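Inspection log for the structure reproduced underneath, given as structure tokens.
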Amino acid sequence: MKKALITGINGQDGSFLSEFLLEKGYEVCGTLKRNSVAENQSDRLDSVYGKVKLVYADMTDMSSLLFVLKDFQPDEIYNLAAQSHVRISFDQPIYTSQVVAIGTLNLLQAIRIVCPEAKLYQASSSEMFGNSIDSDGFQRESTPLTPVSPYGCAKVFAHNICKNYRESYGLYISNGILFNHESTRRGSNFVTGKVVKEAVRIKLGLTDQLELGNLEATRDWGHAKDYVKAMWLMLQQEEPIDMVCATGVSNSVRYLCEYTFSKLDLDYKDYIVVDERYLRPEELNNLKGDASKLRALGWEPSYTFETMIDEMIEFWLTKLKK
Ligand code: NAP
Ligand code: F7E
């Protein structure tokens, strides 16, 4: 039985990945960071509770990572823990860097000391590209990294130090450059989660307005279930490799609103208010990823943007009607 450690197991991706790995017959251990309300932490783990080992660890506390690795001795490690909200990284740049950048370095050092044979998947991000776009309109592995947020800068450090440790010490480390991916488990302060949940609340008469920031930004939105399969697939390769994971289809925040509201027989223009609070000091305008390398390994997204949003609408309708 292979053993997998997931940092940030109770995040959106960690919860889907733990389900996926259990189905594959893995023994799974995941890290939780301390939270004053313990109940909220297991919300996304209902289906795996009792089947995975949960341990407290924090990316900023290397000793906690050392103990987890020493105790569990994983074959595969999925580093998903992060302060992952781009807008909030402008409010908490130092904390974000400590978790995302130095936290990853803490993990690398702990791996070198305890389990250098383990394979590591690092959750890199399309936010690292900033506003770099290749001439054909896509971002890919070779596109320059010009981040435009503290989160993006911290992910670039993590991405580069992973490459450096792979080359310097022969560690098996793969960076998956993930474009935006969403689901019914997406936090409701990310734009898809926010728009769908609030549109359903408007439909049910629970509110009458939705405040948003930049409606013209475009994102390549995929489904988290498809993206955790890509993480696993990357670690099954003989040699470590860096790869983009994306759908290749990009839509604007405005289209997200238009599509979601129209599915509920509403006109988004009657409800959306642009509020400066949700604008970012510097914006990443357009993302569209070329995942040809990953597709060559057999990966294909199973959701379109529309089927994913439909699933999220159904989820919130059922939940909020209750
Ligand atoms: P998420 O839902 O925000 O989950 C992040 C996880 O990290 C949570 O379990 C969180 O715990 C944990 N965490 C936060 N700070 C920590 C710390 N100091 N020590 C230990 N754990 C900590 O993020 P996600 O959407 O699942 O994303 C997974 C990974 O992929 C992240 O690294 C993210 O940056 C990256 N990524 C995501 C996307 C995307 O579109 N979803 C795209 C590109 C890259 P709490 O919930 O208790 O805070
Ligand atoms: O914003 C615009 C906002 O916060 C998407 C993270 O998973 O993906 C995610 O980061 C777009 C931006 O995601 C609101 O300005 C408008 O242009 O859902 P988001 P993100 O910033 O792209 C990357 C790849 C990651 O790695 C991150 O971890 O939507 N937008 N109005 C808004 N965004 C939010 N959150 N809230 C608004 O009201």
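Residues in region 65-80 that are within 23 Å of Ser42 (Cβ to Cβ) and open to solvent by 20 Å² or more (accessible area, probe 1.4 Å): Phe67, Asp71, Leu80.
Pairs linking a residue in region 122-142 that is buried (at least 16 other Cβ atoms within 10 Å of the Cβ) to a residue that is part of a loop (DSSP other than H, G, I, E, B) and aromatic (Phe, Trp, Tyr), with Cβ atoms under 9 Å and 6 or more positions apart or on different chains, are Ser125/Phe179; Ser126/Phe179; Gln139/Phe179. For the criterion of being more than 30 Å from Glu117 (Cβ to Cβ), over 17 Å from the mean Cα position of the chain (by Cα), in a helix (DSSP H, G or I) and modelled with pLDDT of 95 or more, Arg254 passes. Restricting the search to strands (runs of 3 or more DSSP E) fully inside region 1-91 and requiring at least 1 residues that are touching a Phe, Trp or Tyr at 6+ places or on another chain (Cβ under 9 Å) and over 26 Å from Gln237 (Cα atoms) gives 27-32, 53-56. Residues in region 254-272 that are within 15 Å of ligand 2 (Cβ to nearest atom), open to solvent by 60 Å² or more (accessible area, probe 1.4 Å) and either in contact (Cβ under 8 Å) with a residue 12 or more places away in the chain or outside the structural domain of Val196 (by TED's automatic domain parsing) (or both): Arg254 only. Here region 237-253 is the region considered, the condition is being surrounded by fewer than 17 Cβ atoms within 10 Å (Cβ to Cβ) and within 16 Å of ligand 1 (Cβ to nearest atom), and the residue that is nearest to Asp208 (Cα to Cα) is Val249.
Applying the set (1) in contact with a Pro (Cβ under 9 Å, 6 or more places away or on another chain); (2) over 22 Å from Ile102 (Cβ atoms) to Leu5 leaves exactly one unmet item: (2). The set of residues from region 207-235 being assigned to a strand (DSSP E or B), over 25 Å from Asp265 (Cβ atoms) and open to solvent by less than 10 Å² (accessible area, probe 1.4 Å) comprises just one member, Gly222. In region 191-206, the residue that is nearest to Val253 (Cα to Cα) out of those that are touching a residue at least 60 places away in the same chain (Cβ under 8 Å) and open to solvent by 40 Å² or more (accessible area, probe 1.4 Å) is Val191. Residues of region 132-189 that are among the β-branched types (Val, Ile, Thr) and either in a loop (DSSP other than H, G, I, E, B) or closer than 30 Å to Thr307 by Cβ (or both): Ile133, Thr143, Val148, Ile177, Thr184.
The residues of region 273-313 that are surrounded by 13 or more Cβ atoms within 10 Å (Cβ to Cβ), more than 11 Å from ligand 2 (Cβ to nearest atom) and of a type in the set (S, T, N, Q), listed by number, are Ser292, Thr304.
The values are calculated or read from the model by the stated rules, or taken from the named source; none is laboratory data. Keep in mind that this is a model prediction, so the values were computed, not measured. So basically every Cβ, Gly included, is an ideal-geometry build from the backbone, and we count neighbours across all protein chains shown. Surface areas here come from the heavy atoms of the whole protein model, side chains and all, with no ligands, DNA or RNA. Shrake-Rupley method; radii C 1.70, N 1.55, O 1.52, S 1.80 Å.
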